[in-house]
Amino acid sequence: MVIARFSWIKAGLVLCFLLPMIGLGVYQLYARNWELGFWLFLVTTPLFACYAFALLYELVFHGARAMWVENGQLVFVPNGLPASLTSYLYRAPVNAIASVSIGRLYTGGPIRPRGIFVDRKDRGFNRPFGQAPAHLYSEPVEVVHARLCQTLGIKAVPAVTPVGAPAVSDNSVKN
């Protein structure tokens with residue numbers, strides 16, 4: 001059962017950013033300049049390529065599915081590094097999921113898009129929580145979160161908005 005799908009436009013913009021970065025990385029590695037750029041692209045090019053391949057694979061071959069339930073497991077394309085060395089997808093048994101929440105993804109930079117955090121009951125060093133990049137989905141984060149909670153049978157906890165932060169509908173409300 002598909003819970004969320006990628007937006008072709010948003011995912012396409014990410015691919016338009018990643019593909020030139022991969023090209024620059026391959027060129028840098030091919031030119032064999034043993035400077036800082038070589039070592040930087042030696043590490044980042046395979047990561048960019050892996051993320052772009054996973055995103056493109058889901059877009060083209062699986063109807064843009066981003067989050068789905070399959071064989072009793074919640075499966076989604078995670079934000080950032082691969083979930084393990086054997087698969088790029090994050091998989092968690094449905095009965096092992098403790099909570100699902102909305103929050104800001106850790107990106108290591110000033111831009112922190114909204115995402116969905118999946119926390120497991122058996123989380124430890126080997127079982128980290130999953131971060132789903134909900135900013136790339138075709139529907140708002142709240143809709144995907146509600147559908148995910150309904151599918152998993154977990155009570156939906158509303159997202160906490162910091163005091164003083166504007167809500168989404170503040171500009172659209174007429175007095």
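Coordinate-derived values only; no laboratory data. Bear in mind the structure is a predicted one, so any value in this text is a computation, not a measurement. As a convention, Cβ positions derive from the backbone with ideal geometry for all residues, glycine included, and neighbour counts pool all protein chains shown.
Summary table
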{"read-out": "Computed over region 2-152: relative contact order in percent, which uses C-alpha pairs under 8 Å that are six or more apart", "value": "24 percent"}
{"read-out": "Order by protection proxy (mean Cβ within 10 Å, highest first), peptides 101-111, 60-70, 132-142", "value": "132-142, 60-70, 101-111"}
{"read-out": "Proximal charge balance of residue 144 [Cβ under 14 Å; K/R count +1, D/E count -1]", "value": "+3"}
{"read-out": "Magnitude of the charge dipole, region 2-152, Cβ model with Lys/Arg +1 and Asp/Glu -1, debye to 20", "value": "200 debye"}
